[in-house]
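The values are calculated or read from the model by the stated rules, or taken from the named source; none is laboratory data. Note that this is a predicted model, so its numbers are computed, not measured. Neighbour counts run over all protein chains shown; Cβ positions are idealised from the backbone, glycine included.
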Amino acid sequence: MPVRVGVVTFPGSLDDRDAARAVGLAGGEAVPLWHADPSLYDVDAVVLPGGFSYGDYLRCGAIARFAPVMRSVVDRARGGMPVLGICNGFQILCESHLLPGALIRNDVRRFVCQDQRLRVENARTAWTSAYDGGAEPVLPIKSGEGGYVADRRTLDELEAAGQVVLRYLDGNPNGSYRDIAGICDETGAIVGVMPHPEHAVDPLTGPSADGLGFFVSVLRRLVGSAA
Amino acid sequence: MIDTVEYAEKTPDEAQPWAKLGLTEGEYGRIRDILGRRPTASELAIYSVMWSEHCSYKSSKVHLRQFADKAPASDRLLAGIGENAGVVDVGGGWAVTFKIESHNHPSYVEPYQGAATGVGGIVRDILAMGARPVAVLDPLRFGPAGAPDTARVLPGVVAGIGGYGNCLGLPTVGGEVAFDPCYAGNPLVNALCVGVLRRDRIRRAHASGVGNTVILLGAKTGRDGIGGVSVLASATFEDSTKPGGARPLRPSVQVGDPFAEKVLIECCLELYDRDLVVGIQDLGGAGLSCATTEMASAGTGGMRIDLDRVPLREPSMTPEEVLASESQERMCAVVEPSAVDDFLAVCAKWDVLATVLGEVTDTGRLRVHWHGEQVVDVPPHTVAHAGPVYDRPRYRPSDLDALQASGPDVLPRPCTPDELRSTLLQLAGSPNLASKRWVTDQYDRYVQGNTVLAQPEDGGVIRIDEATGRGVAVSTDGNSRYARLDPYAGAQLALAEAYRNVAATGGTPIAVTNCLNFGSPEDPAVMWQFAEAVRGLADGCAALGTPVTGGNVSFYNSTGDTAIHPTPIVGVLGVLDDVARRTSIGFPATGGTIMLLGETRDEFGGSEWAHAIHGHLGGRPPTVDLERERLLGEVLVAGSQQVLLSAAHDLSDGGLAQALVESCLRGGVGARVTLPDGLDPFVALFAESAARAVVVVSGPEAERRLADLCIARSLPYVRIGTVTPGTAVLDVAGLFAVPVAELRKAHESTLPRLFG
């Protein structure tokens with residue numbers, strides 16, 4: 001039986017179909033979840049996709065945090081279920097306090113859509129184990145509020161614990177502290193990234209197929225744990 | 001007090017503000033004749049917005065007929081002019097709808113919201129046809145790049161387009177940005193949207209079936225945008241923008257909420273999927289006035305509405321304000337009574353407000369009630385489809401002979417290798433030819449995961465069927481300097497360029513949309529330009545076999561008292577059986593032979609060189625040869641289908657030199673080029689002769705097969721060089737060489753320098 005990866009659609013989610021496509025390309029089964037769903041049914045992992053959930057009113061991710069489905073996501077995540085938050089999903093993970101820090105307006109004060117070279121700093125998480133440590137994937141970024149910030153102590157702790165998962169190379173596009181493009185929790189099951197791996201799964205429609213590794217990683221992890 | 005029908009009958013002599021609402025005395029008289037009494041305030045609001053130039057096409061109709069009269073036969077056309085947008089069959093059971101519209105004056109008054117709601121409006125047009133919107137292209141025109149007002153308008157417009165389109169999840173895959181002093185007080189913001197649907201699922205704006213329910217869904221109605229079409233898109237705009245003008249315009253600009261539109265899209269698509277809709281219309285210009293009268297007129301013929309049920313942001317709004325409001329993110333649907341509960345349940349799922357307003361009748365009248373009193377009783381046909389039509393006087397602009405006589409031959413040309421090199425770099429960095437990344441990197445081009453090509457490619461290519469790889473290519477083009485020198489040829493050159501761009505990506509061009517941006521139709525010289533451009537475009541579409549499926553006219557565009565250059569923007573749609581065979585402009589890292597297709601002549605009238613280097617506009621635009629364009633298109637498409645081409649780039653502004661620069665930069669590689677014998681190097685590099693392209697083929701076999709394709713069509717072709725991945729230098733043999741890094745600096749630093 002294929003691994004079932006839930007993809008949450010909030011009103012205003014945009015990259016939900018793309019995340020589902022990526023799960024399928026990696027060999028998993030994407031299960032659509034609705035923001036009002038009372039449970040996660042029997043999914044093995046969850047992707048919170050990019051977009052503008054609830055119009056990003058108030059603050060990016062601030063309303064999505066209170067969606068009914070997020071109660072289940074938070075519960076299951078605390079129980080070790082792998083969760084990947086991409087872009088708006090990363091913002092939601094921070095707002096939900098599943099990950100530390102916050103995403104603020106880009107320092108260039110413009111929306112930035114570009115192909116970005118990155119470095120995988122931690123290849124042991126549930127979502128990055130298919131990469132070699134130090135791998136340099138090229139993924140699209142497309143966000144207006146992608147600047148990762150946290151206080152110095154949190155940043156030092158993240159660095160020390162190896163919780164910085166991705167870093168920007170060839171220039172920092174949004175003012176993120178320490179060029180941080182993605183982080184994880186202490187267990188490596190919960191990962192938030194600003195770049196879009198789901199938009200780099202086929203060179204026909206993306207800058208590369210470098211993003212597929214995120215989805216392959218979690219499928220391998222889950223198949224391994226089931227065996 | 002409320003001006004009811006009953007009261008209007010009793011008070012025939014009450015003075016009415018018809019002139020302030022943009023109606024002429026004759027038009028007002030005609031409304032009285034139709035109704036047999038004076039109109040109520042609500043009726044006057046409806047007629048004034050619906051008979052505005054923007055909604056009624058009263059000055060353009062007599063000319064636009066040519067698009068239908070001269071249309072080439074096409075079995076692909078499923079819905080054409082007159083619908084919210086044209087729909088074409090692209091094969092495999094799929095259909096594509098696409099249309100372009102302008103939002104020029106709102107974007108000048110309030111750049112961010114004007115541009116944002118321009119995107120929102122065209123997206124709803126596409127949605128109303130039953131399609132999922134899948135891509136946007138934005139042709140933009142601004143005043144001089146260095147002008148202070150351009151620094152106000154451009155960043156706002158770009159942020160507005162991005163802010164709205166990005167939040168809707170629509171990839172922006174193309175468009176243009178160009179600068180010219182003629183747009184200093186009147187930028188052009190055109191937006192084209194493409195939508196995809198199954199060919200048997202087209203929706204139409206018909207209110208049919210007596211007893212069917214009329215439902216308003218989407219955002220609440222507020223005072224924003226009142227008079228949008230009659231004030232901003234009409235003659236009164238000019239007066240109002242002058243110091244001490246008639247009234248502040250900002251309240252006439254609508255305010256957008258892209259999140260509301262995003263959920264409205266998903267809600268409508270679910271309603272379509274579940275077949276809960278008989279007819280549907282978006283609310284754009286002229287709001288409810290337009291939707292109710294157009295739907296009734298196109299359907300069973302009558303409608304009864306309780307206007308006080310409309311959910312309001314401002315409870316104090318009058319019925320005429322409710323009818324004229326252009327609040328965004330609203331649609332009007334006609335639903336069978338048995339489906340209303342399901343309809344409302346879907347709306348509730350998406351948290352979309354939906355309100356039953358009334359029902360379809362067979363009375364032949366639109367009757368609107370306000371708290372029990374009748375405020376409107378009109379035959380909808382007279383509002384929506386039988387408005388005034390003017391064949392306005394026109395004459396050839398008096399300065400045109402002198403302009404055409406003052407050709408570019410007198411301009412000093414670069415001769416030495418150093419001069420040629422410096423001209424190439426100057427042009428590559430000139431605002432019109434410089435990289436537009438500063439703009440386009442603010443647009444999401446990846447969302448939806450089907451973008452195969454996007455700017456700076458020749459055209460946007462979108463996959464519409466993942467299983468088969470079927471897709472469409474779209475390009476928009478327009479060169480107003482050409483159109484100023486010769487509007488007939490200028491419109492055809494815009495068409496030819498868009499057609500060539502689509503073919504260069506590998507798409508077979510099949511249909512056309514257009515946005516005609518002109519000055520005041522009351523100026524006979526402008527009207528002549530307009531008539532010529534329409535005639536040129538209609539003739540051109542006939543010659544190329546690509547029918548016009550819809551479009552938009554924007555009049556009253558001027559800077560001060562001077563009309564903008566005539567600016568027909570043409571969008572061409574093409575189809576690819578398999579998007580994996582698309583052709584990019586980028587020279588390949590694997591190398592290859594560069595071929596130049598077509599014929600280069602000493603043509604510099606209206607050229608970018610004359611404009612950017614000499615500030616000159618005069619002479620004649622390049623020769624139009626549409627049969628040659630068609631044959632070139634065939635070669636480019638066959639080359640893509642047979643997988644012969646590893647790159648293709650059309651030649652247009654800036655000529656061969658600019659094409660080489662762009663292809664080297666896109667591929668990140670160098671090239672070594674030998675200019676063809678018998679041509680002056682300056683002409684070979686910078687002439688803007690149409691019907692040309694550069695292509696790259698790999699290996700003698702591909703070169704021979706390409707040659708065969710050209711020979712069979714008597715299309716001139718010549719080998720001009722090779723892609724040199726190792727060098728990172730653009731080397732024009734015997735003349736000069738420029739490192740790719742230097743090209744990049746010249747090409748990419750201009751816009752960031754200007755706009756931060």
Restricting attention to the stretch A:50-57, does a residue exist that is facing chain B (nearest Cβ under 10 Å), crowded, with 23+ Cβ neighbours inside 10 Å and part of a loop (DSSP other than H, G, I, E, B)? yes
Flagged in the stretch B:162-182 as at the interface with chain A (Cβ under 10 Å from one of its Cβ atoms) and either surrounded by fewer than 24 Cβ atoms within 10 Å (Cβ to Cβ) or not small (Gly, Ala, Ser) (or both), in numbering order, are B:Gly163, B:Asn166, B:Cys167, B:Leu168, B:Leu170, B:Pro171, B:Thr172
Apart from one, (1) part of a loop (DSSP other than H, G, I, E, B); (2) free of Cβ contacts under 8 Å to residues at least 60 places away in the same chain; (3) aliphatic (A, V, I, L, M) all hold for A:Val74; the odd one out is (1)
When the stretch B:632-662 is checked residue by residue, the ones that are crowded, with 20+ Cβ neighbours inside 10 Å, outside any strand (DSSP E or B) and under 26 Å from the mean Cα position of the chain (by Cα) are B:Leu632, B:Gly633, B:Leu636, B:Val637, B:Leu651, B:Ser652, B:Asp653, B:Gly654, B:Gly655, B:Gln658, B:Ala659, B:Glu662
Please go through the stretch B:151-164 and pick out each residue that is within 15 Å of the chain's Cα centre (by Cα) and modelled with pLDDT under 95. none
Looking at A:Ala123, A:Ala160, which is the one that is away from chain B (no Cβ under 14 Å), free of Cβ contacts under 8 Å to residues at least 40 places away in the same chain, touching a Gly at 6+ places or on another chain (Cβ under 9 Å) and of a type in the set (A, V, I, L, M)? A:Ala123
Among B:Thr727, B:Thr722, which is in contact with a strand residue (DSSP E or B) (Cβ under 7 Å, 6 or more places away or on another chain) and either in contact (Cβ under 8 Å) with a residue 60 or more places away in the chain or within 21 Å of B:Asn432 (Cα to Cα) (or both)? B:Thr722
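Results for (1) within 22 Å of A:Pro197 (Cβ to Cβ); (2) more than 14 Å from every other protein chain (Cβ to nearest Cβ); (3) crowded, with 24+ Cβ neighbours inside 10 Å; (4) of a type outside the set (Gly, Ala, Ser), shown as yes or no for each residue.
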residue	(1), (2), (3), (4)
A:Ala20	yes, no, no, no
A:Val43	yes, yes, no, yes
A:Phe66	no, yes, no, yes
A:Arg71	no, yes, no, yes
A:Val74	no, yes, no, yes
A:Leu93	yes, yes, yes, yes
Residue check, B:Thr505 against (1) under 19 Å from the mean Cα position of the chain (by Cα); (2) under 24 Å from B:Gly586 (Cα atoms), all met but one. Which one? (1)
Hey, can you tell me all the residues within the stretch A:97-120 that are away from every other protein chain (no Cβ under 14 Å), in a strand (DSSP E or B) and aliphatic (A, V, I, L, M)? A:Ala102, A:Leu103, A:Ile104, A:Leu118, A:Val120
Extreme residue, modelled with the lowest pLDDT, among residues of the stretch B:242-267 that are away from chain A (no Cβ under 14 Å) and crowded, with 19+ Cβ neighbours inside 10 Å: B:Leu249
Hits in the stretch A:178-219 (condition: within 16 Å of A:Gly24 (Cβ to Cβ) and assigned to a helix (DSSP H, G or I)): A:Pro197, A:Glu198, A:His199, A:Leu212, A:Gly213, A:Phe214, A:Phe215, A:Val216, A:Ser217, A:Val218, A:Leu219
Residue under evaluation A:Leu139, criteria (1) out of contact with any Lys or Arg (no Cβ under 6 Å at 6 or more places or on another chain); (2) without any contact (Cβ under 8 Å) to a residue 40 or more places away in the chain, criterion not met: (2)
Hand me the list of helices (runs of 4 or more DSSP H) wholly inside the stretch B:404-490 holding 3 or more residues that are more than 14 Å from chain A (Cβ to nearest Cβ) and over 30 Å from A:His196 (Cβ atoms). B:417-428, B:480-485
Are there any pairs, at least 6 apart or on different chains, whose C-beta atoms fall under 8 Å, with the first in the stretch A:195-209 and facing another protein chain (nearest Cβ under 7 Å) and the second hydrophobic (A, V, I, L, M, F, W, C) and surrounded by fewer than 18 Cβ atoms within 10 Å (Cβ to Cβ), and if so, which? A:Leu204/B:Ala580
Quick one: in the stretch B:341-377, of everything that is small (Gly, Ala, Ser) and not in a strand (DSSP E or B), which residue is surrounded by the fewest Cβ atoms within 10 Å (Cβ to Cβ)? B:Gly372
Where residues in the stretch A:142-157 are assigned to a loop (DSSP other than H, G, I, E, B) and either under 16 Å from the mean Cα position of the chain (by Cα) or without any contact (Cβ under 8 Å) to a residue 40 or more places away in the chain (or both), which of them is farthest from the other protein chains (Cβ to nearest Cβ)? A:Asp151
Which residue pairs have Cβ atoms closer than 9 Å, lie 6 or more positions apart in sequence or on different chains, and pair a first residue in the stretch B:165-187 that is over 25 Å from B:Arg481 (Cα atoms) with a second residue that is of a type in the set (Asp, Glu) and in a strand (DSSP E or B)? B:Gly165/B:Asp138; B:Thr172/B:Asp138
Out of curiosity, is B:Leu312 closer than 19 Å to B:Ala207 by Cα and more than 14 Å from chain A (Cβ to nearest Cβ)? no
Identify, from the list A:Gly134, A:Gly171, the residue that is away from chain B (no Cβ under 14 Å), over 19 Å from B:Arg445 (Cβ atoms) and in a loop (DSSP other than H, G, I, E, B). A:Gly134
For the stretch B:131-185, enumerate the residues that are among the charged types (D, E, K, R) and assigned to a strand (DSSP E or B). B:Arg132, B:Asp138, B:Arg141, B:Glu176
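Select, from A:Arg117, A:Arg109, the only residue that is modelled with pLDDT under 95, over 21 Å from A:Leu222 (Cα atoms) and surrounded by fewer than 24 Cβ atoms within 10 Å (Cβ to Cβ).
Working: A:Arg117 fails: modelled with pLDDT under 95.
The match here is A:Arg109.
Determine which member of the set B:Cys347, B:Cys332 is closer than 19 Å to B:Val263 by Cα and more than 14 Å from chain A (Cβ to nearest Cβ).
Numbers: B:Cys347 fails: more than 14 Å from chain A (Cβ to nearest Cβ).
Every option except B:Cys332 fails the conditions.
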I need the full set of residues from the stretch B:564-616 which are assigned to a helix (DSSP H, G or I) and either out of contact with any strand residue (DSSP E or B) (no Cβ under 7 Å at 6 or more places or on another chain) or among the small types (Gly, Ala, Ser) (or both), in order please. B:Ala580, B:Arg581, B:Glu608, B:Trp609, B:Ala610, B:His611, B:Ala612, B:Ile613, B:His614
